[in-house]
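**Q** Here's a structure for you.
The values are calculated or read from the model by the stated rules, or taken from the named source; none is laboratory data. What you see is a predicted model, and the numbers here were worked out from it, not measured in a lab. Backbone-built Cβ (ideal geometry, glycine too); neighbour counts: all protein chains shown. The area values use the complete protein model at the heavy-atom level, side chains included, leaving out ligands, DNA and RNA. Shrake-Rupley method; radii C 1.70, N 1.55, O 1.52, S 1.80 Å.
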Amino acid sequence: MRKVMNTIMLSCRQATEMIEKKRHCRLVGMQGVQLKMHLAMCKYCRRYNKQTHLIDRLLKRHRQFNSSTFDKSVLEERIIADLECKL
Amino acid sequence: MIADQKEMTEWVKIYTKELYAFTQTRIADVQSAEDIVQNTFLAALESYPRFERKSNPRTWLFAILKNKIADFLRQKYKDAEMKVSIDPLDICFDEDGSWRECHRPKKWHIDEKLLDDAAFLQVLKNCFSHLPSKWSSAVQLKYVYEHSSKEICNDLQITLANFWQMIHRAKVMLRFCLESNWLKST
């Protein structure tokens, strides 16, 4: 019985993988249905689904932190000085 | 020789910002990004005699830059490959693939305001820096910079299957790290 169940039902580990994949590519064949079924029955994976989506939105915002600290003139001066040594 | 210097210096002033911005979409680490831009100009200086005056210097510099970025990323993953030995999925899930009790997702009291909460974002940044660099690059390129999966696989020289494995592990780890560090402080 367990073996049959395992082929029909996704494990939580597999469900989390499908959740990530679903964000960017279409799930094939039965995967979409299997995921829906699993989420209907598993509150932990439902939470995971919600939380991982929130993280995606956060990471998008995180981008702003990356680009604001660049000081153009310092890097430029360094490069120019470096080139002068080589010439 | 003096003509070279003047022209190169001009190019540095004109193109550094753009080259750096491009590099940053692929390489998060500021120091490495700066070094790569710098090395691009050095390489351009060395190849200068071969530069065809009729072609666009921007195109030429970008070609050099892209090669340097690709080399850097390839080397980085060669190094990183050795270090990742524990699979976070084995930590979070048991042999049947179910959540281990201590790793089950807890309820978060999610407010949309959290998206702008500086403290929350700081926890996220810290958790992010704990990811193996191979994975954090894949996640950054995908979620922060929204590159296509195909492009990323090409840049990082990995297969699509490997890519999804990395993303899966990174997201599981990130979520758990965020939960452990955020909830304990509220």
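**Q** Please enumerate the residues belonging to the range B:95-110 that are assigned to a loop (DSSP other than H, G, I, E, B) and open to solvent by less than 20 Å² (accessible area, probe 1.4 Å). Explain how you work it out, then say what you get.
**A** Applying the first criterion (assigned to a loop (DSSP other than H, G, I, E, B)) to the range B:95-110 yields B:95-98, B:100, B:104-110.
Correct list: B:G97, B:P105.
**Q** Have a look at B:A70, B:A43, B:A119 and point out the one that is within 14 Å of chain A (Cβ to nearest Cβ), farther than 21 Å from B:K171 by Cα and touching a residue at least 12 places away in the same chain (Cβ under 8 Å).
**A** Values: B:A70 fails: within 14 Å of chain A (Cβ to nearest Cβ); B:A119 fails: farther than 21 Å from B:K171 by Cα.
Only one candidate passes the filter, namely B:A43.
**Q** Of the conditions (1) in a helix (DSSP H, G or I); (2) within 27 Å of A:H38 (Cβ to Cβ); (3) not hydrophobic (A, V, I, L, M, F, W, C), B:K113 fails just one. Which one is it?
**A** (2)
**Q** Looking at the range B:89-116, which of its residues are more than 10 Å from every other protein chain (Cβ to nearest Cβ) and modelled with pLDDT under 85?
**A** The answer is B:H109, B:D111, B:K113.
**Q** Has the range B:120-137 got at least one residue that is in a loop (DSSP other than H, G, I, E, B) and on the phi > 0 side of the Ramachandran plot? First the steps, then the outcome.
**A** Taking the range B:120-137 and keeping what is in a loop (DSSP other than H, G, I, E, B), we get B:130-132.
Retained after the next criterion (residues that are on the phi > 0 side of the Ramachandran plot): none.
No; the residues of the range B:120-137 include none that is in a loop (DSSP other than H, G, I, E, B) and on the phi > 0 side of the Ramachandran plot.
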